[in-house]
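Read through the structure below, which is laid out as structure tokens, and then see the notes.
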Amino acid sequence: MRAFLTLVLTSSTLAIVAADLPEIPAEPIAKKAQLLFSDDFESPQPAAVWHKVVPTFTFENGTLKGTQTRDQNIPASDGKPAVMAHAAVHGLEIPTKDSIVEVKIRFDGASMIDVEFDDRKYTGSHYGHICRAQVRLNGVTIIDERDGNMRNDIYEMRDPSKKAERAKLLEGRQVTYPAKLERGKWYNLVVETVSDTMRVTIDGKPAAFLKSSGIGHATKSKIELGVGGKDGYFDDIKVWNAEPAKS
């Protein structure tokens with residue numbers, strides 16, 4: 001079962017966090033190498049590398065539309081298993097190590113839109129989660145999941161008595177920068193991943209940065225797009241292999 005992390009960020013929380021944030025590199029950390037994939041969603045048939053992970057996504061008017069339908073936990077009953085709330089997720093089978101993912105995004109009711117990297121063959125984290133960049137109207141979050149919240153031992157720490165221990169293990173594995181985005185407006189999102197660093201820009205402006213060991217996972221086999229809430233749109237996605245911008 002793929003987990004979905006929900007963050008609640010108030011304006012006061014963002015102000016406190018922002019004061020301690022490391023500076024985001026002003027220049028790209030990656031340079032484009034080979035173009036691995038592109039899709040403008042104009043074709044009536046989805047490209048073969050797309051696959052459903054957690055429905056519901058549709059191809060609508062030349063865009064990819066995600067709508068979270070599993071929006072609440074439903075306990076098991078009448079012989080049916082429990083269903084956990086989860087973002088809508090659509091996946092790409094595109095193996096990468098260092099990469100640049102560029103995609104247009106639009107919030108039309110969505111609470112979260114993200115780009116995630118996974119490796120299903122990796123058994124050290126829940127469901128092979130590696131790292132992700134999440135965008136909300138009020139903030140941009142980067143998470144090292146492999147060595148952070150999805151690392152098996154940390155993921156299993158659900159006992160309240162281990163809250164402090166868990167928090168210490170998560171130090172430096174996640175960062176949130178404040179943002180101010182608008183519903184109904186298209187934004188150009190770029191996620192650069194080089195070695196153990198990830199940098200996010202929105203419309204060419206630095207938006208978030210994290211250096212953490214899990215990001216450097218060498219066999220990122222999947223790229224997944226996620227939407228929390230109703231509705232979020234993607235368009236004009238491109239994926240490149242990348243090289244460090246500075247040798």
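The values are calculated or read from the model by the stated rules, or taken from the named source; none is laboratory data. Predicted model, so just to flag it, every value in this text is computed and none were measured. Cβ: placed from backbone, ideal geometry, glycine included. Neighbour counts: every protein chain shown. To get the accessible areas, we keep the full protein, side chains included, count just its heavy atoms, and leave off ligands, DNA and RNA. Shrake-Rupley method; radii C 1.70, N 1.55, O 1.52, S 1.80 Å.
What to note about this one:
- Restricting the trypsin sites (Lys or Arg not before Pro) of the range 120-225 to loop positions (DSSP other than H, G, I, E, B) with no more than 13 neighbouring Cβ atoms within 10 Å leaves 120, 121, 158, 180, 183, 185.
- Here is the list for the range 155-223: GluC sites (Glu not before Pro) lying in DSSP coil, each with at most 15 other C-beta atoms within 10 angstrom of its C-beta, are 156, 171, 182.
- Greater than 31 Å apart at Cα, pairs in 31/163; 104/211; 32/168; 31/65; 168/246; 97/205: 31/163; 32/168; 168/246
- Residue separation of residue 48 and residue 121 scaled by 0.36 nm, minus their Cα-Cα distance, works out to 24.2 nm of gained length.
- Measuring r between the beta carbons of residue 34 and residue 93 and using R0 = 22 Å, the FRET efficiency lands at 0.85.
- Accessible-area composition of the range 132-203, carbon plus sulfur, in percent [1.4 Å probe]: 49
- C-alpha center-to-center spacing [the range 117-141, the range 186-247] in angstrom: 11
- Accessible surface, the range 120-247, averaged per residue in Å² (probe 1.4 Å): 44
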